[in-house]
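Novice: Before we start, here is the structure in question, set down as structure tokens.
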Amino acid sequence: MPELQVYHSSFVDDEGVTKACGCPLLPLKSHIKGPAPVRDQDQTDIVDEAITFFRANVFFRNFDIKSSADKLLIYLTFYINVALKRLEGCRTLAEGTKAIINLGLENVPVPGESGFPFPGLFPLPQSQKEAAFCMISVRWMNLAMFLLLNCDDHGTGGKRVMTLGDLAAP
């Protein structure tokens, strides 16, 4: 059996990149104003990588971290999984939209808080400002809305709610 490959982020050069709790604030393709820099729409961002690599990376229990962007990739892979599980029971775009908006509005635990899914992956925040900065709701909402609204219904051009099977199936 061939060895499966873990996909790492291409954003390995973090010189000059602002970080919060060791998490790089990488440029995002978003029209939503936030602390992360804006990336050109025709360029790949960390959210694109997380979605592209989800199918392969979701099956790994161990992940050799090569850059701070890999930590963010791990976290976003986890979040995609959470978002897709929330969408499982949704039968309409309206139900899915509501589920994802509610997920985006939930209080997100930061490193050091109870409920944070990866203790030890990120350093603890040194201030309240860094804690707030650490888990940017823009990143969450951007990813969630992409998953929900940019899903082409199997080539028909229609929109539908994405399911876990869309990303996890071989």
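Novice: Among the residues of segment 109-131, how many are of a type outside the set (Asp, Glu), surrounded by 15 or more Cβ atoms within 10 Å (Cβ to Cβ) and within 17 Å of residue 24 (Cα to Cα)?
Specialist: 8
Novice: Output the residues belonging to segment 77-116 that are out of contact with any Pro (no Cβ under 7 Å at 6 or more places or on another chain), within 20 Å of residue 131 (Cβ to Cβ), of a type in the set (Gly, Ala, Ser) and in a loop (DSSP other than H, G, I, E, B).
Specialist: Listed by number, the list holds a single entry, 114.
Novice: Do we have any residue at all in segment 50-62 that's without any contact (Cβ under 8 Å) to a residue 12 or more places away in the chain, closer than 20 Å to residue 120 by Cα, over 16 Å from the mean Cα position of the chain (by Cα) and in a loop (DSSP other than H, G, I, E, B)?
Specialist: The answer is yes; a qualifying residue exists.
Novice: A further question on this structure: When only residues in segment 11-25 that are of a type in the set (A, V, I, L, M) and under 17 Å from residue 133 (Cβ atoms) count, which is surrounded by the fewest Cβ atoms within 10 Å (Cβ to Cβ)?
Specialist: 17
Novice: Which residue is nearest to residue 84 (Cα to Cα), if the candidates are limited to segment 26-50 and must be surrounded by fewer than 17 Cβ atoms within 10 Å (Cβ to Cβ) and among the hydrophobic types (A, V, I, L, M, F, W, C)?
Specialist: Among those that are surrounded by fewer than 17 Cβ atoms within 10 Å (Cβ to Cβ) and among the hydrophobic types (A, V, I, L, M, F, W, C), it is 32.
Values in this text are rule-based calculations from the coordinates and carry no lab data. A quick note: this is a predicted structure, and the numbers were derived from the prediction, not measured. Every residue, glycine as well, gets a Cβ built from its backbone with ideal geometry; the counts of neighbours run over all protein chains shown.
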